[in-house]
Amino acid sequence: MSRPPLARGRILAAARHIVEREGAGALTFDELVRESGITRGGITYHFPTKEDLSVTVMQRYRDHFKLWINNSRVKDLSHAAKLDWFFGIYSDMRADKGKVCLVGSMEAEFNSIPEGLQAEVQALHSELLAWLQVTLAEGREAGAFEFKGEPADKAAVILSTLQGALQMARALGTKRFRDVIAQIKLDLLSP
């Protein structure tokens with residue numbers, strides 16, 4: 001008997017939502033059954049282990065990020081608009097009932113997740129940082145951004161600030177998160 005082709009996508013979407021909303025430790029087959037509406041047998045047909053599922057969620061997110069950054073609409077944006085687009089990824093999470101960044105959620109539990117998943121988390125984080133570093137370097141060279149230090153270091157500060165701001169916003173609300181983004185922009189944009 002074949003499984004419905006949409007089941008795999010529903011499982012992956014549900015897994016991602018659980019991790020963004022509650023953390024990697026909350027991702028259980030029972031919770032996945034409740035969230036996805038797919039039976040445990042249907043889930044284990046596609047993903048025999050939680051590690052298989054988690055690694056695939058991270059790989060899928062990495063694939064989406066690569067598609068986004070290689071999209072001509074994103075590539076053709078001004079430097080400031082690219083930064084806004086990037087911040088929009090995080091704003092969309094905050095607007096969606098207090099979710100946090102998938103990478104940030106996994107990194108919070110990094111020492112307790114399997115090695116295969118650790119490798120995917122490290123790869124995605126590196127890809128996010130690399131894109132942000134290039135965007136900052138190009139923006140500074142074009143005169144759109146102004147900051148001290150190396151673009152790689154500034155990228156790390158911005159990414160960690162965004163991840164922390166998402167966590168903080170759970171307690172203090174979306175306005176505080178938006179204020180953090182506004183401050184990052186204020187610190188970067190040339191007068």
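For the range 19-54, a residue qualifies if it is assigned to a loop (DSSP other than H, G, I, E, B), at pLDDT 90 or above and of a type outside the set (S, T, N, Q), and the qualifying residues are 27, 37, 38, 47, 48.
Residue check: residue 163 meets all listed conditions (1) modelled with pLDDT of 95 or more; (2) polar (S, T, N, Q); (3) within 15 Å of residue 101 (Cβ to Cβ) but one, namely (1). Only one of the numbered conditions (1) of a type in the set (Gly, Ala, Ser); (2) touching a helix residue (DSSP H, G or I) at 6+ places or on another chain (Cβ under 6 Å); (3) in a helix (DSSP H, G or I) is not met by residue 126, and that is (2).
For the range 147-190, which residues satisfy the criterion of being not basic (Lys, Arg) and not in a helix (DSSP H, G or I)? Give the derivation first.
Taking the range 147-190 first, the residues not basic (Lys, Arg) are 147, 149-153, 155-169, 171-174, 177, 179-184, 186-190.
Those that are not basic (Lys, Arg) and not in a helix (DSSP H, G or I): 147, 149, 150, 173, 189, 190.
Considering 105, 91, the condition of being polar (S, T, N, Q), assigned to a helix (DSSP H, G or I), in contact (Cβ under 8 Å) with a residue 12 or more places away in the chain and crowded, with 18+ Cβ neighbours inside 10 Å is satisfied by 105 alone. Residue pairs whose Cβ atoms lie under 7 Å apart, sitting 6 or more positions apart in sequence or on different chains, and linking a residue in the range 9-35 that is closer than 13 Å to residue 47 by Cβ to a partner that is not hydroxyl-bearing (Ser, Thr, Tyr) and not in a helix (DSSP H, G or I), are 10/38; 11/38; 11/47; 15/27.
Residue 133 falls short on exactly one of the conditions (1) out of contact with any Ser or Thr (no Cβ under 7 Å at 6 or more places or on another chain); (2) touching a residue at least 60 places away in the same chain (Cβ under 8 Å), and that condition is (2).
Looking for something buried (at least 16 other Cβ atoms within 10 Å of the Cβ), of a type in the set (Ser, Thr, Tyr) and under 26 Å from residue 29 (Cα atoms) - is there at least one such residue anywhere in the range 132-140? Within the range 132-140, not a single residue is buried (at least 16 other Cβ atoms within 10 Å of the Cβ), of a type in the set (Ser, Thr, Tyr) and under 26 Å from residue 29 (Cα atoms).
The values are calculated or read from the model by the stated rules, or taken from the named source; none is laboratory data. Computed from a predicted model, the values in this text were never measured in an experiment. Glycine also receives a Cβ, built like all others from the backbone with ideal geometry; neighbour counts cover every protein chain displayed.
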